[in-house]
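Data first, discussion second: the structure below is written as structure tokens.
The values are calculated or read from the model by the stated rules, or taken from the named source; none is laboratory data. Predicted model, so just to flag it, every value in this text is computed and none were measured. For neighbour counting, all protein chains shown are included, and Cβ atoms are generated from backbone atoms with ideal geometry for every residue, glycine included.
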Amino acid sequence: MDFILEWYKAFLTVGVAIVGAAALAWLRSTFVTKTTHEKLEQRLSVVESTIEEMPSSKDIHDLDKRLVEVSTKIDGLNPQLTDIKRLTDLLMENELRGTRNGD
């Protein structure tokens, strides 16, 4: 018993040191360091700014509607373009026949 009374302060100090080291190890494994947190925060800011610059779903929908309009107009022009192609083919054929006949 005298041994414990003599050395209790040393045992208490060692015990507190062990508990403190275990607490620090647990805190370090649970939470990130400040530098890691700052790096992650910077990366998140870059991602957020990139997402803000991207077109929204409304912008994509408006673009889709415009593409449908353009497609409809092109489909409407298709018969006229076919007629023009037929006429240019006839003119080309006429020119080629004219050079063969010596006109």
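So the values come out like this:
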read-out: Any hit, the stretch 76-83, residues being more than 19 Å from the chain's Cα centre (by Cα), surrounded by 10 or more Cβ atoms within 10 Å (Cβ to Cβ) and closer than 30 Å to MET1 by Cα; value: no
read-out: Residue selected from the stretch 34-44 under the condition among the polar types (S, T, N, Q) and modelled with pLDDT under 95, by the criterion farthest from the chain's Cα centre (by Cα); value: THR35
read-out: Set PHE31, PHE11: member being within 31 Å of the chain's Cα centre (by Cα) and of a type in the set (Phe, Trp, Tyr); value: PHE31
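Yes/no per residue for (1) modelled with pLDDT of 95 or more; (2) under 32 Å from the mean Cα position of the chain (by Cα); (3) part of a helix (DSSP H, G or I):
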position: VAL47; (1), (2), (3): yes, yes, yes
position: GLU52; (1), (2), (3): no, yes, yes
position: PRO55; (1), (2), (3): no, yes, no
position: LYS65; (1), (2), (3): yes, yes, yes
position: SER71; (1), (2), (3): no, yes, yes
position: ILE74; (1), (2), (3): no, no, yes
position: ARG86; (1), (2), (3): no, no, yes
position: LEU96; (1), (2), (3): no, no, yes
position: THR99; (1), (2), (3): no, no, yes
